[in-house]
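In what follows, a structure is listed as structure tokens, so that the remarks can point back to it.
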Amino acid sequence: MKNYIILLVIGSLLNSCSTSQVEPSQNNKWSFVVLSDTHVRENSTVVTEMIPFIIKDSADLVLITGDLVQGGKRADAEVLRTEFDLWKECFKPLIDKGIKLYPVRGNHEDDVIDDIALWNEVFSGTLQLPQNGSNGEKNLSYSFTHNNAFFVGLDVYTNIHKVNQSWLDEQFSSNHSQHKFVFAHEAAFKAFHSDCLDDYVNERDIFWKSMSKAGVKSYFCGHDHFYDVTQIDDGDGDQSNDIYQFIVGGGGGWLMSKYNYNGENSSFIPKQIDHKQENGYLLVTVDGGEVTMTWKGRVEINGKVEYQASSNSIRYSK
């Protein structure tokens, strides 16, 4: 018991050295939500429906892995501004509850000329993101700690389809939290969109191996509009160091029916764990060393919308 207390004290001291730290709660069990591709524009019914359920789930924070608004190549800065105003209105119940939002850019933001200036305007003040990104990526890529977990949000458009590996390595080396979670917009291993991190296979492999070395077990992304979980087998015969890729693109964009893991997989083997063509979000529960991932999918029962937990939860221990 004494050793256990000493370890907790050491862990607390190490966490206090990390920048952009969120004050930990006293509870061992806590949760957060991951969603993506809300594509807010004039019609934002789906994400508006979701938010009361996220509040009911008592999530501490929400990760949003890109394509917050419709944006796109046909949009200009004024259209983007209008859509972000709508986005903030949709998410106001979470903001008012003090539930912190952590988004990263998607291609639908990046496609708009001068989107970064507007992004920085939107995500300022109470919505400002951790300011520990590298030069050129502040307010875009960032890291933070919360309770016994370390989070890294990655922008993959400053250098398109690539992560800032040297900055990421620094983040991993300076944090020793029990759990580590990484999120970005694009899948590292193709499921639908062919434009993803596998456009640069060598860089993608270095990125993936760096996460494995750092003890990351979950990579969250969107871009593809469905829920898809793959265990990325690195072929070493040890499943304990494999990473799950969670595509959580059911936040409100049009749903995509096709998928195929026929990307540039190098020496890795994607093994499908779950796939659902439906709107929803991922609820992640952290209970000490155990992590449980539960998909909450949209269903209508007697005309009433619910977000129900899937029976196929993913669990692992650290």
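The values are calculated or read from the model by the stated rules, or taken from the named source; none is laboratory data. Since the model is a prediction, treat every value here as computed from it, not as a measurement. Virtual Cβ from ideal backbone geometry, glycine too; neighbours counted across all protein chains shown. Protein only, heavy atoms only, side chains kept; ligands, DNA and RNA dropped before computing areas. Shrake-Rupley method; radii C 1.70, N 1.55, O 1.52, S 1.80 Å.
Could you look through segment 204-227, keep only residues that are in contact with a helix residue (DSSP H, G or I) (Cβ under 7 Å, 6 or more places away or on another chain) and either open to solvent by 10 Å² or more (accessible area, probe 1.4 Å) or assigned to a helix (DSSP H, G or I) (or both), and pick out the one that is nearest to PHE151 (Cα to Cα)?
Out of the qualifying residues, it is ALA214.
Any idea which residue in segment 259-281 is most open to solvent (accessible area, probe 1.4 Å), counting only those that are more than 22 Å from ARG204 (Cβ to Cβ) and not small (Gly, Ala, Ser)?
Ranking the candidates gives GLN277 first.
Inspect all residues belonging to segment 123-131 and state whether any of them is buried (at least 22 other Cβ atoms within 10 Å of the Cβ) and touching a Leu at 6+ places or on another chain (Cβ under 6 Å). Walk me through how you get there before you give the answer.
Just the residues of segment 123-131 that are buried (at least 22 other Cβ atoms within 10 Å of the Cβ), to begin with: 129.
From the residues that got through so far, the ones that are touching a Leu at 6+ places or on another chain (Cβ under 6 Å) too are none.
No, segment 123-131 contains no residue that is buried (at least 22 other Cβ atoms within 10 Å of the Cβ) and touching a Leu at 6+ places or on another chain (Cβ under 6 Å).
Is there any pair with a first residue in segment 302-318 that is open to solvent by less than 90 Å² (accessible area, probe 1.4 Å) and a second that is part of a loop (DSSP other than H, G, I, E, B) whose Cβ atoms are under 6 Å apart and which are 6 or more apart or on different chains, and what are they?
Pairs that qualify, where the first residue is open to solvent by less than 90 Å² (accessible area, probe 1.4 Å) and the partner is part of a loop (DSSP other than H, G, I, E, B), are TYR316/LYS217; SER317/GLY289.
For segment 138-171, enumerate the residues that are in contact with a strand residue (DSSP E or B) (Cβ under 7 Å, 6 or more places away or on another chain) and assigned to a loop (DSSP other than H, G, I, E, B). Break it down into steps so the answer makes sense when it comes.
Of segment 138-171, the ones in contact with a strand residue (DSSP E or B) (Cβ under 7 Å, 6 or more places away or on another chain) are 141-154, 168, 171.
Matches in segment 138-171: SER141, ASN147, ASN148, LEU154.
I'd like to know if segment 93-100 contains one or more residues that are in a helix (DSSP H, G or I) and closer than 24 Å to GLU186 by Cα. Lay out the reasoning, then the answer.
Of all residues in segment 93-100, those in a helix (DSSP H, G or I) come to 93-96.
Going one step further and asking which of them are closer than 24 Å to GLU186 by Cα, we end up with none.
Scanning segment 93-100, I find no residue that is in a helix (DSSP H, G or I) and closer than 24 Å to GLU186 by Cα, so the answer is no.
Among the numbered conditions (1) in a loop (DSSP other than H, G, I, E, B); (2) under 19 Å from the mean Cα position of the chain (by Cα), tell me where TRP119 comes up short.
With (1) in a loop (DSSP other than H, G, I, E, B); (2) under 19 Å from the mean Cα position of the chain (by Cα) applied to TRP119, the lone miss is (1).
Against the condition in contact with a helix residue (DSSP H, G or I) (Cβ under 8 Å, 6 or more places away or on another chain) and open to solvent by 20 Å² or more (accessible area, probe 1.4 Å), how does ASP114 come out, does it pass? Before you say what the answer is, go through the steps one by one.
On the way: in contact with a helix residue (DSSP H, G or I) (Cβ under 8 Å, 6 or more places away or on another chain): yes; open to solvent by 20 Å² or more (accessible area, probe 1.4 Å): yes.
Yes, satisfied.
Just to be sure before I move on: is ASP85 more than 20 Å from the chain's Cα centre (by Cα) and either among the hydrophobic types (A, V, I, L, M, F, W, C) or more than 22 Å from THR285 (Cβ to Cβ) (or both) in the structure I sent? Spell out the reasoning first.
On the way: more than 20 Å from the chain's Cα centre (by Cα): yes; either among the hydrophobic types (A, V, I, L, M, F, W, C) or more than 22 Å from THR285 (Cβ to Cβ) (or both): yes.
In short, yes.
I need the full set of residues from segment 52-67 which are buried (at least 23 other Cβ atoms within 10 Å of the Cβ) and part of a helix (DSSP H, G or I), in order please.
Once the filter is applied, which keeps residues that are buried (at least 23 other Cβ atoms within 10 Å of the Cβ) and part of a helix (DSSP H, G or I), segment 52-67 yields only ILE54.
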